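Presented below is the structure to which this report refers.
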Amino acid sequence: SKLGHTVNMMAASFVSPYRKNRAGKNDANDAEAICEAVGRPNMRFVSLKSEQQLAILALHNVRHGLMEERTAVLNRLRGELAEFGVWFPLSPLQAKQGAARLLAQAECRLPPLLQSLVHDMLEHVRYLEERIAAYDRQIAEQLKHNEAAQRIRALVGVGDLTTSAALAIIGDATLFKNGRQLGAYLGLTPRQASTGGKARLGKITKQGNTYLRTLLIQGARSALQSAMKRAPDKQTRLGQWIVGLHARVGYHKTLVAIANKHARMIWAMLAKGEQYNPDAWKSYAVAA
């Protein structure tokens, strides 16, 4: 880019079909396939990420790794104590509090060596939670002066983590033709096996970025709970749609549908620079 070139990045899966000799992969065949693929009128390109975006993604990756490590340590704690007939609920809080109470007993029935190990594991969990909380504060701080982030945060069920990840992963939203393309990119659209004019839709594809898709679906739980608790006379149009969809298709499909809806709305706010407007549908209503 500094030399004046226009840089486009393509997914390898889009280039591979244009390689003539599928068995012979070499630089010449790859270059020819790239030249063929880049000239296609409907080719989709990957957005280029800045160093700041990559740094934020690294922050999310490290935080996610600490979350997995915390879960692993707590599971190890439960497993070791279970060998001595001590069981705790699956709740992380109850496991930590139960183990701490066990160590605080005047006559703890655990062997001294195991007591030391349990203490070390609890200290390690405490350290991990402190680091996770510190990363959460860093993520929130990054969003304070970001105008696009403030627009996205107006969505019910979209918090700081989802907003930060969306801005870093999506990048230039205008590379997506519409919101549905973004939903498909995140794997939130049904997999098709259609033929002969007959549409066959299956489960969601689960393609694209797993992390952002997971955050959107987790946030959809909050949006669903909020819609179910709100009184019918105070319900927004989106809330009415969520409640009606839940009654028709059930809990899990509703979560995926809400996540897909949120992805489309995020695209509109990023690509068009719009504010979240729950009454925007009125300007598109068709006269009876």
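The values are calculated or read from the model by the stated rules, or taken from the named source; none is laboratory data. The structure displayed is predicted, hence computed values, not measured ones. Backbone-built Cβ (ideal geometry, glycine too); neighbour counts: all protein chains shown. Just the protein is used for accessible areas: all its heavy atoms, side chains included, with ligands, DNA and RNA removed. Shrake-Rupley method; radii C 1.70, N 1.55, O 1.52, S 1.80 Å.
Return yes or no: is Leu122 in a helix (DSSP H, G or I) and surrounded by 14 or more Cβ atoms within 10 Å (Cβ to Cβ)?
Details: in a helix (DSSP H, G or I): yes; surrounded by 14 or more Cβ atoms within 10 Å (Cβ to Cβ): yes.
When the stated conditions are applied, Leu122 passes them.
Residues in the range 232-252: is at least one under 22 Å from Ser164 (Cβ atoms) and buried (at least 21 other Cβ atoms within 10 Å of the Cβ)? Show your work before the answer.
If we filter the range 232-252 for residues that are under 22 Å from Ser164 (Cβ atoms), which is where we start, we get none.
No, every residue in the range 232-252 fails to be under 22 Å from Ser164 (Cβ atoms) and buried (at least 21 other Cβ atoms within 10 Å of the Cβ).
In the range 198-219, what residues are more than 20 Å from Tyr251 (Cα to Cα) and open to solvent by 90 Å² or more (accessible area, probe 1.4 Å)?
Hits for the range 198-219 are Lys198, Arg200, Gln207.
Among the residues of the range 159-186, which ones are over 11 Å from Ala263 (Cα atoms), open to solvent by less than 60 Å² (accessible area, probe 1.4 Å) and part of a loop (DSSP other than H, G, I, E, B)?
Matches in the range 159-186: Gly159, Gly171, Phe176.
Which pairs do you get when a residue that is of a type in the set (S, T, N, Q), found in the range 168-185, comes within reach of a residue that is assigned to a helix (DSSP H, G or I), reach meaning Cβ atoms under 6 angstrom, with the pair 6+ apart or on two chains?
Hits for this filter: Thr174/Ala271.
Just to be sure before I move on: is Asp279 assigned by the TED database to the domain that holds Arg180 and free of Cβ contacts under 8 Å to residues at least 40 places away in the same chain in the structure I sent? Break it down stepwise before answering.
On the way: assigned by the TED database to the domain that holds Arg180: yes; free of Cβ contacts under 8 Å to residues at least 40 places away in the same chain: no.
Taking the combined requirement at face value, the residue does not satisfy it.
Considering only the range 83-97, how many residues are crowded, with 17+ Cβ neighbours inside 10 Å and of a type in the set (Phe, Trp, Tyr)?
Counting residues in the range 83-97 that are crowded, with 17+ Cβ neighbours inside 10 Å and of a type in the set (Phe, Trp, Tyr) gives 1.
Look through Ala223, Ala271 and report the one residue that is open to solvent by less than 40 Å² (accessible area, probe 1.4 Å) and touching a Ser or Thr at 6+ places or on another chain (Cβ under 6 Å).
Numbers: Ala223 fails: touching a Ser or Thr at 6+ places or on another chain (Cβ under 6 Å).
Ala271 is the lone residue from the list that is open to solvent by less than 40 Å² (accessible area, probe 1.4 Å) and touching a Ser or Thr at 6+ places or on another chain (Cβ under 6 Å).
For the list (1) surrounded by 19 or more Cβ atoms within 10 Å (Cβ to Cβ); (2) among the β-branched types (Val, Ile, Thr); (3) closer than 30 Å to Ser47 by Cα; (4) modelled with pLDDT of 95 or more, I need the number of the one condition that Ile132 fails.
(1)
Take Leu74 and decide whether it is in contact (Cβ under 8 Å) with a residue 60 or more places away in the chain and open to solvent by less than 80 Å² (accessible area, probe 1.4 Å).
Details: in contact (Cβ under 8 Å) with a residue 60 or more places away in the chain: no; open to solvent by less than 80 Å² (accessible area, probe 1.4 Å): yes.
No.
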